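Quick notes on the structure that follows.
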Amino acid sequence: MNQLTGVVWKTIKDFVLSDLGEQRESLLRSTRRLEDADEDLSQSRRIVRKLQREFIYNKLILILIIFFEFAILIGLIVIKYIKL
C-alpha cells in the first residue's frame with residue numbers, strides 16, 4: 001500500500017511539475033508578445049507625434065500664405081486707387 005501511495009504521489013508530482021512548466025512557457029511567450037506590442041505602441045506614438053507636428057507646421061505655413069495673399073491683394077487695391 002505504501003508503494004502504491006508513493007507511486008500515486010510521484011505521478012501527481014510529475015503531472016503538476018509538467019503543467020507548471022507548460023504554464024511558465026505560456027507566460028514567457030505572453031510576456032514577449034506584450035513587450036513586442038509595447039514596442040509597437042511606442043513606435044506608433046512617435047509616428048503620431050511626428051504627424052501632429054507636421055500638421056501644425058503645415059497649418060502655420062498655410063496661414064502665412066493666406067496672410068501674404070491678403071497683404072498682396074490689399075497692396076494691389078491701394079496701388080490701383082492711388083493711380084486713379
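The values are calculated or read from the model by the stated rules, or taken from the named source; none is laboratory data. Predicted model, so just to flag it, every value in this text is computed and none were measured. As a convention, Cβ positions derive from the backbone with ideal geometry for all residues, glycine included, and neighbour counts pool all protein chains shown. The area values use the complete protein model at the heavy-atom level, side chains included, leaving out ligands, DNA and RNA. Shrake-Rupley method; radii C 1.70, N 1.55, O 1.52, S 1.80 Å.
Looking at Glu54, Glu69, Glu39, which one is at pLDDT 95 or above and either of a type in the set (Ser, Thr, Tyr) or open to solvent by less than 100 Å² (accessible area, probe 1.4 Å) (or both)? Explain how you work it out, then say what you get.
Working: Glu69 fails: either of a type in the set (Ser, Thr, Tyr) or open to solvent by less than 100 Å² (accessible area, probe 1.4 Å) (or both); Glu39 fails: either of a type in the set (Ser, Thr, Tyr) or open to solvent by less than 100 Å² (accessible area, probe 1.4 Å) (or both).
Just a single option satisfies the conditions, and that option is Glu54.
Going through region 1-21 one residue at a time, which ones are among the polar types (S, T, N, Q) and at pLDDT below 85? First the steps, then the outcome.
Residues of region 1-21 that are among the polar types (S, T, N, Q), as a first pass: 2-3, 5, 11, 18.
Correct list: Asn2, Gln3, Thr5.
Which of the following residues is over 38 Å from the mean Cα position of the chain (by Cα), hydrophobic (A, V, I, L, M, F, W, C) and surrounded by 10 or more Cβ atoms within 10 Å (Cβ to Cβ): Leu64, Leu76? Walk me through how you get there before you give the answer.
Working: Leu64 fails: over 38 Å from the mean Cα position of the chain (by Cα).
It is Leu76.
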